[in-house]
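**Q** Encoded as structure tokens, here's the structure I'll be asking about.
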Amino acid sequence: MIENFLHYVWLYKKIDILHLQTTQLEPLEVISVGFPNPNSGPDFFNGQLRIGEHIWIGNIEIHIKSSDWYIHNHQNDDAYDNVILHVVYEHDVEIYRRDNSVIPTLELQNYINQDLLTSYEKLVKGDKRFINCDFGISAISKFVWHEWIDKLYFERLNERCDFVAELINRTNGDWEAVLFMALAKSFGSNVNGDAFLSIAKSFDFKVIQKLSPNAIELEALFFGQSGLLDTSIDDSYHKKLQVTYNILKQKFQLDSAGVQKLKFFRLRPINFPTIRLSQLAVLYAKESRLFSKIIETETIRGYYDLLRVKVTKYWESNYTFKNTAKSSTKLLTKPYIDLLLMNTILPIKFYYAKEKGLDISEHIVQLMSTIASETNSIIKNFEALKVRSPNAFYSQALIQLKTVYCDHNKCLKCSIGHVLLSK
């Protein structure tokens, strides 16, 4: 038994709500269970009850045992002095307010249906391979899936907007700078994302606008700030970038003290930071006011045309300085651009629209539905359970489901869990 299960039972009235009685043997009518409190304080706000002949409006606290009230030291906290009902699984001691009046208590163990308790234990304690509901997820109706997938995707999208909001505060509302920082983090991917972000934060975005459309100067800026130009290398292009960076460093008073070290270890050559920084430089040489272009773009083809850039000439035949390789343009691929759209561009566009009082949810869904589904281990495991992911809208939602709900046993807050518990 865990307290979250009792929260679920109370919130969704999974008890014989018409025949309740307090431990003081008074009839109890639940007019409103109240509103879940996500912060500190009583578990539910503004509940409404009839106890005996009296109507009570106030807060409700839930525990496994009544004595948990004292274990949690609620008797010394003013926030709990207006609790009108103590809901517990087992009543083992009377609880008093600070004025010595008894807090009415509802003991749930005699009201919870045994089948519900058995289903709950099967869900959270049974054998599992990938997720708790391995045994029943494939039987969930399309209607339930449709509603839940929609909520999961926008929950994930709004979480990404939290990062956008941080950048907005940092840049005092400079959306072009916000996009650049967010894109830099995305270009660095999981391994170098934070390092790329530290590079982007190490100078004013106006420097980018002043250097555009010169891709070589932008590359010198990025490579110099990252520390890739710190050592002497017998390579003409490296020396050219060094000279260019030293001029830029003096001109713009550049400081790289807070920049994190880049990593090459275990990366495929196409994902080396040298290649991704060069592509980022070419992108901003092509369009220094990229945010304005993003806002104007409406079609998936338009995004691909805008973002499909290659490396500078030197990096066509190199992955690192000095070591040559077979020549290729190293264009940003469609799958990579899809990741940029999913993780950075669409969240920024969504947040910008919200700030302007606009709802572009349908536009976002339409775009995400045209992007191919991701094919990582999470999606493959869901597909093994006959849960299909036809596009990126679904795959992003399924990743949210697995990482936020399944991995943390939040079955009681999941629509799939609710259905299985009701069977």
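**Q** Can you give me the Cα centroid spacing of the stretch 58-95 and the stretch 359-375 in angstrom?
**A** 46 Å
**Q** Report S138's accessible area, 1.4 Å probe, all protein chains in place, as a number in Å² to the nearest 10.
**A** Number for this one is 70 Å².
**Q** Please give the contour-minus-distance gain from K423 to Q48: 0.36 nm per residue of separation, less the Cα-Cα distance, rounded to one decimal in nm.
**A** 132.1 nm
**Q** For K322, K261, write out the residues from largest to smallest accessible area, computed with a 1.4 angstrom probe and no ligands counted.
**A** K261, K322
**Q** Quick one: if the Förster radius is 51 Å, what FRET efficiency do E355 and K240 give, using the C-beta to C-beta distance and rounding to 0.05?
**A** Using R0 = 51 Å, I get an efficiency of 0.75.
**Q** Looking only at V33, V309, V387, which one moves most when the chain is put into a Gaussian network model with springs between Cα atoms under 10 Å?
**A** Looking only at V33, V309, V387, the biggest GNM fluctuation is shown by V33.
**Q** Return the calculated 222 nm mean residue ellipticity for the chain, to the nearest 500 deg cm²/dmol, obtained by summing -39500 (n - 2.57) across DSSP H runs with n ≥ 4 and dividing by the residue count.
**A** That calculation yields -14500 deg cm²/dmol at 222 nm.
**Q** Work out the charge dipole of the chain with +1 on the Cβ of Lys and Arg and -1 on the Cβ of Asp and Glu about the Cα centre, then indicate which of N409, H146, H74 is farthest towards its positive end.
**A** H146
**Q** In whole percent, what relative contact order does the chain give with Cα contacts below 8 Å and a gap of six or more residues? All intermediate terms of the calculation are to be shown ahead of the outcome.
**A** Values: 575 pairs, mean separation 59.4, N = 423.
Result for the chain is 14 percent.
**Q** Skip the ligands, DNA and RNA, and give the accessible area per residue of the chain with a 1.4 Å probe, whole Å².
**A** With the other protein chains kept in place, the chain gives 50 Å² per residue.
**Q** If you wrap the stretch 162-232's Cα atoms in a convex hull and average its projection over all directions, what's the area in nm²?
**A** 5.1 nm²
**Q** Oh, and also: Could you state the number of Å between the C-alpha centres of the stretch 143-177 and the stretch 391-423?
**A** Here the two parts' Cα centres lie 19 Å apart.
**Q** Loop only per DSSP, at most 12 neighbouring Cβ atoms within 10 Å: give me the trypsin sites (Lys or Arg not before Pro) in the stretch 81-140, ordered by residue number.
**A** Here the trypsin sites (Lys or Arg not before Pro) that fit, given the DSSP loop and packing criteria, are R98, R129.
**Q** Further question: For the chain, set up a GNM with springs between Cα atoms under 10 Å and report which of I294, I208, I64 has the largest fluctuation.
**A** I64
**Q** Using 20 Å as the cut-off for backbone N distance, which residues of the stretch 353-373 belong to the label zone defined by a point 7 Å from the Cα of E298 along Cα→Cβ?
**A** Once the point is set 7 Å along Cα→Cβ of E298, 353-354, 356-371 turn out to lie under 20 Å by backbone N, inside the stretch 353-373.
**Q** Provide the gained length on full extension for the span Q366 to K128, in nm with one decimal, where the gain is 0.36 nm per separating residue minus the Cα-Cα distance.
**A** 82.2 nm
**Q** Tell me, what is the 1.4 Å probe accessible area of T118, in Å² to the nearest 10?
**A** 80 Å²
**Q** Can you compute the equivalent ellipsoid semi-axes for the stretch 222-313, i.e. the square root of 5 times each eigenvalue of the Cα gyration tensor, sorted largest first and rounded to whole Å? Please report the intermediate quantities before stating the final value.
**A** On the way: eigenvalues 153, 60, 33 Å².
Working through the eigenvalues yields semi-axes of 28, 17, 13 Å.
**Q** So what's the net charge close to K313: Lys and Arg +1, Asp and Glu -1, counting the other residues with Cβ under 13 Å from its Cβ?
**A** +1
**Q** Evaluate the charge dipole of the chain about its Cα centre and quote only its size in Debye, nearest 20, assuming +1 on the Cβ of each Lys and Arg and -1 on the Cβ of each Asp and Glu.
**A** 2880 debye
**Q** Among the DSSP beta bridges whose two residues both lie in the chain, what percent are antiparallel, rounded to the nearest 5?
**A** Values: 17 of 26 bridges.
So the antiparallel bridges in the chain amount to around 65 percent.
**Q** Can I ask one more? For the chain, give the percent of accessible area contributed by carbon and sulfur heavy atoms, probe 1.4 Å, rounded to a whole number.
**A** Carbon with sulfur: 49 percent of the solvent-accessible area.
**Q** Please compute the net charge surrounding N82, taking Lys and Arg as +1 and Asp and Glu as -1 over other residues with Cβ under 14 Å from its Cβ. It would help to have the intermediate numbers written out before the result.
**A** Numbers: positive: R97, R98; negative: D43, E61, D77, D78, D81, D99.
Once all neighbours under 14 Å are counted, the net charge is -4.
**Q** Too long at a 21 Å Cα-Cα cut-off: which of K122/K410; K286/K313; K206/K313?
**A** K206/K313
**Q** Another question, then. Placing one identical point scatterer on every Cα of the chain and ignoring solvent, what is log10 I(q)/I(0) from the Debye formula at q = 0.12, 0.13, 0.14 Å⁻¹?
**A** Evaluating at q = 0.12, 0.13, 0.14 Å⁻¹ gives log10 I(q)/I(0) of -1.00, -1.08, -1.17.
**Q** Could you please report the charge total around N110, scoring K, R as +1 and D, E as -1 over all other residues with beta-carbon less than 13 angstrom from its beta-carbon?
**A** Summing Lys/Arg as +1 and Asp/Glu as -1 gives -3.
**Q** For a distance above 19 Å, tell me the whole-number percent of Cα pairs in the stretch 302-352 that qualify.
**A** Value for the stretch 302-352 (Cα pairs over 19 Å): 43 percent.
**Q** Given a Förster distance of 25 Å, report the FRET efficiency between Q75 and N110 from their Cβ-Cβ distance, rounded to the nearest 0.05.
**A** Plugging the Cβ-Cβ distance into 1/(1 + (r/R0)^6) gives 0.45.
**Q** Moving to a separate point now. Under a crude label model (7 Å from the Cα following the beta-carbon direction), how far is A139 from N214 in nanometres?
**A** 6.9 nm
**Q** Take the Cα pairs of the stretch 269-356, get the Kirkwood Rh, then feed it into Stokes-Einstein at 25 °C and 0.890 mPa s and tell me D in µm²/s.
**A** Working: Rh = 14.1 Å.
Value of D from the Cα-based Kirkwood radius: 174 µm²/s.
The values are calculated or read from the model by the stated rules, or taken from the named source; none is laboratory data. Small disclaimer: the values here were computed from a predicted structure and weren't measured. Heads up, the Cβs are rebuilt from the backbone with ideal geometry, glycines too, and the neighbour counts pull from every protein chain shown. Only protein heavy atoms, including side chains, enter the accessible area calculation; ligands, DNA and RNA are left aside. Shrake-Rupley method; radii C 1.70, N 1.55, O 1.52, S 1.80 Å.
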